[in-house]
Structure formats: structure tokens, C-alpha cells
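Accompanying notes for the structure given below.
The values are calculated or read from the model by the stated rules, or taken from the named source; none is laboratory data. Quantities reported herein were computed from a predicted structural model and do not represent experimental measurements. In this analysis, Cβ positions are derived from the backbone assuming ideal geometry, glycine residues included, and neighbour counts consider all displayed protein chains.
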Amino acid sequence: MEVPVSPALPALPGSRKLLALTAGAVLAAPLAFTAPAARAADTATDGATSTYTVTPLRFTVQAGGRTCAVDADLYRPDGVDAAHPAPAVLATNGFGGSKNDGSTDAIGKAVAARGYVGLVYSGLGFGRSGCLISLDDPRIDGQAAARLLDFLAGTRAADDGTRVDFVTKDGADDPRAGMIGGSYGGAIQLATAATDPRLDALVPLITWNDLAYSLAPNSADRDTPGVFKWQWANGFYLMGEGQPLLVPSLDPSRVNSLACLHFVTDACDTVRLLNSGSYPQADTDKMLAFARSVSPVSYLDRVKAPTLLVQGQADSLFNLNEAQDTYDKLQRQGVETKMIWQSWGHSGGQKPGELDLGSGDLESSYVGRRVLAWFQRHLRGDRTVDTGAEFAYHRDWQSGYGTAPTVPALSQRLYLSGDGKLVDNRAKVARGSRSYANWLVPTSHSESSLAGLIGLPDPAPYDVAGTHLGWTSAPLTAPADLVGAPRATLKVVSPRTERVQHSGDAADKLVLFAKLYDVAPDGTKTLVNRLVAPVRVPDVTRPFTVELPGIVHRYETGHRLEFVIAASDTAYSGNRGIKPVTVVSAPEDTGTLELPLVRGRVG
């Protein structure tokens, strides 16, 4: 069935409209299959006026030892044929969505309206595509996507016999093709590129580098099991396991067993272990190995396609550090890579003028123009096009983006004084010790991870007295702009932890949370983007270094920066048992906080 349509010209995914890429989308996205209906011509807002036809297709592919059905839509711009071929753009949904949800469908429309052949499909385990949810595993999801590249190359047909001969080629079986998409639809691009070198350009938005860090982060030591991000992880897990309620005609190949319905077994085992609150070494080693096997951190060395990374500043699921890690690795191995830190991510944060699904205009947003330039250069072969700065970041304190040749380095060191001050010179450190203790229930709050996605209010961040410590700078005499991930070096004293931390169960190690506040002159405190750095301290008898989440933030004149370590957080699992903590400071031996400042100084 081919249905001629005129482009609605949507922009690519943005803001809360990215719900189809995250947890809330499943509540509203049309997951059951319906053939596209004819639509009247819409008014173009940005000069992209190509009309196109949409053809629903079905593919049967072998992936990970299973036979999987893949449900897809082919977008063919009018005038594109064997004599006038065009490059192709692949896209798939975020977790819980399908090819029919608004954000994924929008990509097909947007690229076809601009003259690209679009192939938009439901990822394995979603919509009407078969097989288990395998978390963008390159050995499974990447293999399935590679078979769609075969289709674009004209070397295989869809199940109904449809073939294409109108995609630009770089070789007999090599289509000129790129990928774009966000979150779950972002990691699949890297997984596909690691599996199949025929991809020519990638644009992953708000996606992960290491799921072990994403779902159980340890900001002090990636090899020690982290602190379970229970709200985000369980939300997605329940969404995947609850699919019979959402897709009544569920493909039988999407059922594993009664113990683990719709995910691959290792994914279910990982969530169960994290929820158990007990992390024996053998089990945690297996968990970390699986999480990393389905993460770019384990296969980026096989990715060669030029990559434009777009990550969200407001994102407690996949923070800026994830994109930074991917960027650094690709750069080191010589892959053409650029990175943009936009305002919005899984936690919201949409700002006026940012790339937005409903705007109907790619050309007017900075990120949209960068995406178009990336495809123009790497898919259309226009080597004269400028693809923009190596690194760009949205600034909410002034219009537009800041740019730099690289991510700013740490540039100022502050010291934790025994009197609770954050000082700029070791000689100013006062001798002293300060203590806190955790309760058996959380006493600090950063966010309710899924609240915004389902329309519920989220209380302001707070810390209960006696369960945290803070160090506060003097009021700033001029604005200070922070761009990047701060780093703290700490040493704590916790005798109760010391007695049990080598029990063989990582759950007996000390848990704490580091974070930065902006304190206004009236005392109002802002936790920037509600981000925290969870830490499971490897060994309380030794100093440890904490990498805080990356932020882009201006501390205005008269404001103060406060560094806090807290005993708990409502969005995460916490300590097993009561573990009091003391921090001792002296000029010759105290904790430090390093800041990546691009303007001004603190202290």
C-alpha cells in the first residue's frame, strides 16, 4: 500500500514531546499497527516542500539466533527513482514507542520532506516488531538494522517482494545511509555502526555510553557496583514487561518465559539483582559484563561513521558525562565527531528556540541546522558545507549557544574547610571535623524521576539537617560560568563501614551523594538540573575522587556555590544499615573541588 502525502515538516524530537523516546510515551503512543491514512497538504514553514509516498513494509530477519519480524515504513520523496537516487536515513523509536509514535514518525516525514529516502521501523520488541527487548545489543538489534541496510542497498526484498533501486550507493551492496534518533533510538545507531560499516553518518540524541553507569552509577569507581537508580530502571522494566496490556496482539516471538516475559534473560536478571539490595562479587561481575556488552563503551572501537552527538543538560537518566565519554573515545580513534549539549533531555528542560518535535521547522533551531548540515556533508557529499563547532553548549542565561574547540578543562581548585566554607586557597582552610548520619529512609531529595513524564508535581530538592554536609563559597563578585563536569576528591571516616566493607558484598560499602547548589542572596537554593553524583565508596580508608554530572550554569554576582555530600536520595537505593560519616579538614590535608570554569572565579 502506497499513500501519497505532503510533508507536515516536523522538526526532530525535543523536550517533553520526546516522551515517545522515554517512559511516558507508551501511555499515549499508538503501538498497534494502522496503515497510514492520506493527509491533506500542510503549509511548509521552512522551504522544505518535497512530497513523498509512505509504504508500510514487513521484514523477516535473523537476529541473535531468533527469527524476528520488523515493522517499517518507507518514505520515498517524489522524483526519486533509479535515475535520480537519493541518500537514505534510518530511524527507530525510543523505549516504549514504535514507528507510529509521533516523534519517530516525525523523523520519517522530516527527512523525506528534505529529499532523503526514509526508512523508519519499530525496534525489536516494540510496536509490531517481534523478538525480545535486547537493549540495543549490537549482536541482535544491530544485526536486525544491518538487514534493513541490505534492503536499502537493493540486495534483499521486504516480505511482500518490495525492492528499492533508488538509494544512492557507494558500492554494489553499500547504500549511502545515515541514522538519527534519540535515547533507545540513539544507542541503536552506534550498535549498528559497530556491526555494519556501511553507515555513513550518525546523529544519536540523548543516549547512553555505559548502562552500568546509567542505571547503577558509581561516580567514584566504575569497577565497583554503583547505586541503583531504582525509579528510572524499574519504570522502564515494568513498561517492557507490561506490554500485553498495551499490545493485545503481541507477537509470540516477544515472549520469553513466565519468569522474564519480554526482555532477554540477562536484562531481567540484572534488574532483579539491583532490586535485591545485595551484590555478591560473582553476581555483580556478571551484571556489569552484561550491561556493558549492550553499551557503546564495549564496542565503540568498531564505530567508524562520522558522529554528531547531541546530549541534554536536563537529563538524570543519561547525563552529559555519557556523551563526553563517547565523544572522547571516538575522537581518540580518529572518527570525525562533534558534540552539542542542548537544553532538553529525559528530565525536560526545553528552552525557546530549541529543536522541538512540534515546531515544523528544522532550519530555525541551532541543533536542527547542525543536523541538516551533517547529513548534507556526509550523505549528499557536499564537502563545502560547514558542520559547525567541535563543541557547542546551550546557555540559558543568554541567547544562543556557546562554542569551543573542545570541552573546557578543570580550571579552578577549591578546598573544603573545617568550618563549612569553600575556599580558594589551602592556607584559608580551618582545622575541624564535621559529621552526619543516614536514616533507614531517604532524607534527601533530588527528583522524582518519572514525575514529569506522567504529569505529577515534583517537590523541590531538600536535605534533612544532620544527614548531609555542605561547604559554601563566599558571594561571587562577578558572574562565573561553569561548563563541564566538576570533580571532587574526598576522604571520609566511617568506622562502621570500615568493619563491613570487605564482606564480599558490595552493598556493605558506604553510599553517599555529591552535588552542587546555587545559593541566591536570599538563601534560595537551586540544585542545577536536579543532578547528583551517586557514590559507593570503594574503600573508606583511602581518598577517592568523584566525577560530578556535567552542567552548564552561570553563577550570578552575589550568589554562592555550595558543594554538598548527602547520606541518601529518594531516587536511588541507599546505605545498608546506619553508617555515620565524619569529614576532617586541615590546611595540609583536606578535600578539594575542581571546577571547569570558562568565565570568572569562585571564592
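Pairs please, first residue from region 427-446 and under 26 Å from residue 590 (Cα atoms) and part of a loop (DSSP other than H, G, I, E, B), second anywhere and among the aromatic types (Phe, Trp, Tyr) and at pLDDT 95 or above, Cβ atoms under 7 Å, 6+ apart in sequence or on different chains.
429/415
Take residue 342 and tell me if it is surrounded by fewer than 24 Cβ atoms within 10 Å (Cβ to Cβ) and farther than 30 Å from residue 224 by Cβ.
For residue 342, the condition - surrounded by fewer than 24 Cβ atoms within 10 Å (Cβ to Cβ) and farther than 30 Å from residue 224 by Cβ - is not met.
If you go through region 95-139 one residue at a time, how many are small (Gly, Ala, Ser) and touching a strand residue (DSSP E or B) at 6+ places or on another chain (Cβ under 6 Å)?
Qualifying residue count for the region: 10.
Checking the structure you have, find out if any residue of region 462-475 is surrounded by fewer than 22 Cβ atoms within 10 Å (Cβ to Cβ), under 24 Å from residue 346 (Cβ atoms) and within 31 Å of the chain's Cα centre (by Cα).
Yes: one or more hits.
In region 196-211, which residues are surrounded by fewer than 24 Cβ atoms within 10 Å (Cβ to Cβ) and either within 17 Å of the chain's Cα centre (by Cα) or under 29 Å from residue 259 (Cβ atoms) (or both)?
Residue satisfying the conditions is 210 alone.
Go through region 295-313 and report how many residues are within 24 Å of residue 232 (Cα to Cα) and surrounded by fewer than 24 Cβ atoms within 10 Å (Cβ to Cβ).
Summing the residues that are within 24 Å of residue 232 (Cα to Cα) and surrounded by fewer than 24 Cβ atoms within 10 Å (Cβ to Cβ) in region 295-313 gives 2.
With the structure loaded, tell me whether residue 272 is assigned to a loop (DSSP other than H, G, I, E, B) and outside the structural domain of residue 68 (by TED's automatic domain parsing) or whether it fails that test.
Considered against the rule, which asks whether it is assigned to a loop (DSSP other than H, G, I, E, B) and outside the structural domain of residue 68 (by TED's automatic domain parsing), residue 272 comes out as no.
Of the residues in region 502-538, how many are touching a Ser or Thr at 6+ places or on another chain (Cβ under 9 Å), in a loop (DSSP other than H, G, I, E, B) and not aliphatic (A, V, I, L, M)?
Qualifying residue count for the region: 2.
Could we say that residue 531 is surrounded by 21 or more Cβ atoms within 10 Å (Cβ to Cβ), without any contact (Cβ under 8 Å) to a residue 60 or more places away in the chain and outside the structural domain of residue 280 (by TED's automatic domain parsing) here?
So residue 531 fails the test.
For region 290-342, how many residues are without any contact (Cβ under 8 Å) to a residue 60 or more places away in the chain, within 30 Å of residue 265 (Cα to Cα) and among the aliphatic types (A, V, I, L, M)?
Adding up the residues that qualify gives 0.
Scanning region 114-151 for residues that are assigned to a loop (DSSP other than H, G, I, E, B) and among the charged types (D, E, K, R), which turns out farthest from the chain's Cα centre (by Cα)?
Looking at residues that are assigned to a loop (DSSP other than H, G, I, E, B) and among the charged types (D, E, K, R), I get 114.
Evaluate the following for residue 233: is it of a type in the set (Gly, Ala, Ser) and assigned to a helix (DSSP H, G or I)?
Yes.
What residue, of 88, 113, is modelled with pLDDT of 95 or more and hydrophobic (A, V, I, L, M, F, W, C)?
88
Going by the conditions given, is residue 353 over 30 Å from residue 232 (Cα atoms) and at pLDDT below 95?
no
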